Each structure stands twice: as structure tokens, then as C-alpha cells.
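Notes for the one structure printed next.
The values are calculated or read from the model by the stated rules, or taken from the named source; none is laboratory data. Please read all numbers here as calculations on a predicted model, not as lab measurements. Every residue, glycine as well, gets a Cβ built from its backbone with ideal geometry; the counts of neighbours run over all protein chains shown. Areas reflect the complete protein model, heavy atoms only, side chains present, ligands, DNA and RNA absent. Shrake-Rupley method; radii C 1.70, N 1.55, O 1.52, S 1.80 Å.
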Amino acid sequence: MPPKKQPLHVLIVGAGLGGLSCAIATRLSGHRVTVLEQSPSLGEVGAGIQIPPNSSKILFSWDLGPALSAAAVHPEAFIIRSYRDGSELARQQMRGYVETEYGAPYLHIHRGDFHEVLVEKARELGVEIVLNAKVTAIDFEAPAVTIETGKTFTADLVVAADGLKSRCRELFLGRADPPKDTGDLAYRILVKTEDMKQDPLLRELTEVPYVNYWIGPDQHAVCYLLRSSNLYNIVLLSPDTLPPSTPIAPATPSELHALFSTWDPRLTRLLTLSTAATKWRLQNSTELPSWVHASSRFCLLGDACHATLPYLAQGAAMAVEDGAVLGGLLKGIGRGDGLGEVLRVYEELRKKRTTRVVRGSSELRGVFHMRDGEKQKERDRRLRGGERGNPM
Ligand code: FAD
């Protein structure tokens, strides 16, 4: 019998959806895992998130199916509507079809609930999560990271999952690398469905869990039910009007009304129910030549290396996939083994796929946001005809 390999100690920076997924997958491969999170408490800001089947398939394989299904809404169908009157341009059945086609469901869930499910699983598996641990320096050879208090943590591998504004990415590159503005922003709004039910125009939107997309000139809206259909999640994607130094700001009801006043009356009526809305600048990052340090003891994951416009609803899904692939590749590896091949394969498998998603999301912006004209008519004709693939 060959001697038993000693498990690695893997240090993950960031307890977001990507960092926690990597923690779970790595722990399931038998390694010791510590997650360093800068925040004083665990949680996720924002409202709803879509979990597409490429992500739910992984999450369900970690036995998270019951917890996620209980917290999520299963959409019946995906509908793309014309901005003017809300008429259907395209409809794709989801419930039933997605499970048969992809072996896992499409889910809508509150980000806080999704995050909580991952935290509970990580803790149940014995992952250590250290809060108030903002990473400020990295020794890529050791490897070791130092947090704001001056405390240093050593490990066999450091995985940086510290999001769009990743400090670790900048340390890795040895220079500033601020996120890039995409030109769009997102308004995020939650409305109570009990308020919608009082309005005959809006009641229908609460009855069946569809994901509704309204597409129109320069902007689009994405809406779906959340939390046992008690909440309606509204995301409005519009041109960025925030001042350069302000990435997030509150939005007024009159501002929302002005932007969508000529759109489907259901959407404009819906926006009158909004009591609080926040707008967020949408940014992504420049594609990096590599995600792996030459020491083969450090790599990037999730938004830290492939932040994207959310138009394909795949950003977190890609981070979950990254975590599952990296954790899976570490199976059977022990202390003292070189990690070069594992990290090379991780990057090879993940970089091409995530680059496609980042580019695809940006291309979809052009398709969704077409101004009225011949190209838009052709797009609508093709959508109505049920043509698959990119409608342009
Ligand atoms: P993050 O979620 O940003 O997590 C990073 C973590 O690292 C945070 O907890 C942070 O506090 C911590 N951190 C940062 N710096 C440090 C440091 N120096 N030291 C220690 N900790 C640190 N994706 C989907 O799959 N489906 C959707 O429907 C969807 N909708 C979206 C809608 C909008 C409007 C937006 C903006 C995004 C959407 N996304 C969606 C994308 C998704 O939110 C992100 O891709 C995903 O959250 C990225 O996860 P992450 O773990 O890589 O990064």
C-alpha cells in the first residue's frame, strides 16, 4: 500500500458564492480549508439571483437540492417581451424541459438564502471561516497571506475569490487594475406581490412564476418571483448615469418612471409600487493572460478574474463551476505534490469557457438594447420564429 497522502491546507480569500463553492468542493476532496472574509458578518447584498442548471447540477451533487429547492422558486417559462406593449417575442418552457434537457432545474432565489445554504454546508463539512480578515499582502512563493491586522496565514495553495475589485488580482499583477465600466447600470428593486395582487393589471404577473424580460431601446428589464412568490424581483438595466466616483446610489421613483414611461403599462405600473431602489454601476474586468502564479501556489477564481455583465445570468454560475472544477482537480493530491499540473488544467478548462460567457453577455447587450429600426424588426421576426442561437 502506498503511504497515505497528507491533505493540503487551502486558503480561500473571499466568502462570496465563488469562494464558498470552492471551499465545499475542496473540502469534499479531503483537504483542510480556511476562508478569509473581510466583512464582519456573512451575507449577500442585492435581491434575487437566477441559478441556471449548469450551476444547480453542481450544487445538487453536493446534496444542496432540498435546501435550495425549498428556498427557491422554479420558473415555469422564460418570456421575452416587446418593450412597447409587452407582447411576447419568444417563450421557452423551463419547468420540466430544463430538468430533462440538462439534468437539473433552473431556480430563482434570494441571494441571502443562496449564500446561507452554502455557508451552512461549508460549516457542516468543517470549513473554517475567518471574519474581519481583509487580505492586504500575499507572499506568492510561500504561499502566505497577511490581513489588515498584520496576522499572517500560511497554506499549500491560496485561491483568490475576492470579487470584481479584487485586491489579490492587483497584488498578483503587481499594478492597479480597476474594473472597467460597461456603460450600463442596474436598478435593483423588490416589490411585495400582495401589493401587485390589488392591481388587476399586475395580478397576472404574480400567478405563474415566469421570468419576464422586456427588451427595448438602450435598456431592458428582468422580473421574477422570489421567496414562495411573496416578492417580485425587478432588475432594470439602463445606461450608466452615475457620477464617476459613485458606483452605488439610491434611485427615486420619479427617475424610474421617467426611464420607462413609454414602456408596457404593466412595467410602468409595477414601478409605481417600488418604495426603495438602488442603482449599481455594472463593471467587468480586462481578460488576464493567466490566472495562475508562476509559483503554482496561487490562482484566481470567480469575479476576481472574469467579472461579466449579468445579461446571461451566469456570473455566479461560472464562479460555482470554477470552485467545483478546482476542488475536483485537487482530489488525490497531497502535501508535497506539485500543483503546477492541477492549476494548468484548471485554467485550461475554465478560462476559455468564462471568456465565452463574458463576451456573450456583452454581445447580448447589443441584441437586447436595439433601437427601433430594421435590425430590431429582423431580431423580433427571428425571435417570434423561435430561431435558436444568437438572434442576430
Ligand atoms: P463576490 O460575490 O464579489 O465575493 C467576493 C467576496 O470577497 C466578498 O464576500 C468580499 O467581501 C470578499 N473580499 C473582497 N476583498 C477581500 C479581501 N481583500 N480580503 C478578504 N475578503 C475580501 N450571476 C448569476 O449566476 N445569476 C444571476 O442571475 C446574476 N444576476 C446578477 C445581477 C446583477 C445586477 C449583478 C451585478 C450580478 C449578477 N450576477 C449573476 C453575477 C454574480 O452576482 C457574481 O458573478 C457573483 O456574485 C461573483 O461571486 P464571487 O464569489 O466571485 O465574488
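Under the rule of at least 5 residues apart or a separate chain, name every residue whose amide H is placed under 5 Å from the amide H of Gln6.
Result for Gln6 returns Arg335.
Go ahead and estimate [θ] at 222 nm for the chain from helices alone: -39,500 (n - 2.57) per DSSP H run with n ≥ 4, summed, over the residue count, rounded to 500. Please list the in-between numbers first.
On the way: 14 runs with 144 residues, N = 392.
Computed ellipticity for the chain at 222 nm equals -11000 deg cm²/dmol.
Express in % the proportion of alpha carbon pairs of the stretch 47-155 at distances exceeding 25 Å. Please list the in-between numbers first.
Values: 2763 of 5886 pairs.
For the stretch 47-155, the fraction of Cα-Cα distances above 25 Å is 47 percent.
Can you work out the FRET efficiency for the pair Asp199 and Ser245, with r the C-beta to C-beta distance and R0 = 45 Å, to the nearest 0.05?
Using R0 = 45 Å, I get an efficiency of 0.70.
Sequence gap at least 6, Cα distance under 8 Å: using those rules, report the relative contact order of the stretch 193-349 to the nearest whole percent. Can you show the working numbers first?
Details: 162 pairs, mean separation 21.8, N = 157.
That works out to 14 percent.
Among DSSP beta bridges lying fully in the chain, give the percent that are antiparallel, nearest 5. Don't skip to the end; give the middle numbers.
Working: 50 of 71 bridges.
The antiparallel proportion sits near 70 percent.
What whole-number distance in Å separates the alpha-carbon centres of the stretch 42-62 and the stretch 78-115?
14
Measure off, as a whole percent, the carbon and sulfur share of the 1.4 Å-probe accessible area of the chain, all protein chains present. Walk me through the numbers on the way to the answer.
Working: 8880 of 17160 Å².
Percent of accessible area from carbon and sulfur atoms in the chain: 52.
Over all directions, how big on average is the projection of the convex hull of the alpha-carbon atoms in the chain, in square nanometres? Write down the numbers at each step before the final one.
Numbers: hull surface 81.0 nm².
Convex hull of Cα atoms, orientation-averaged projection: 20.2 nm².
If you split all Cα-Cα distances of the stretch 225-347 into 5 Å bins from zero, what percentages do you get per bin, shortest first?
2, 8, 14, 14, 14, 12, 9, 8, 8, 6, 4, 2, 0
Kindly provide the trypsin sites (Lys or Arg not before Pro) of the stretch 303-392 that DSSP labels as loop, not H, G, I, E or B, and whose Cβ sees at most 10 other Cβ atoms within 10 Å. Walk me through the numbers on the way to the answer.
Details: sites: Lys331, Arg335, Arg344, Arg350, Lys351, Lys352, Arg353, Arg356, Arg359, Arg365, Arg371, Lys375, Lys377, Arg379, Arg381, Arg382, Arg384, Arg388; in loops: Lys331, Arg335, Arg371, Arg388.
Here the trypsin sites (Lys or Arg not before Pro) that fit, given the DSSP loop and packing criteria, are Arg371, Arg388.
For the stretch 163-292, what are Rg and Dmax over the alpha carbons, in angstrom?
Over the stretch 163-292's Cα set, Rg and Dmax evaluate to 17.7, 58 Å.
Which whole-number value in Å² is the accessible area per residue of the chain, probe 1.4 Å?
On the way: 17160 Å² over 392 residues.
Ligands and nucleic acids excluded, the figure is 44 Å² per residue.
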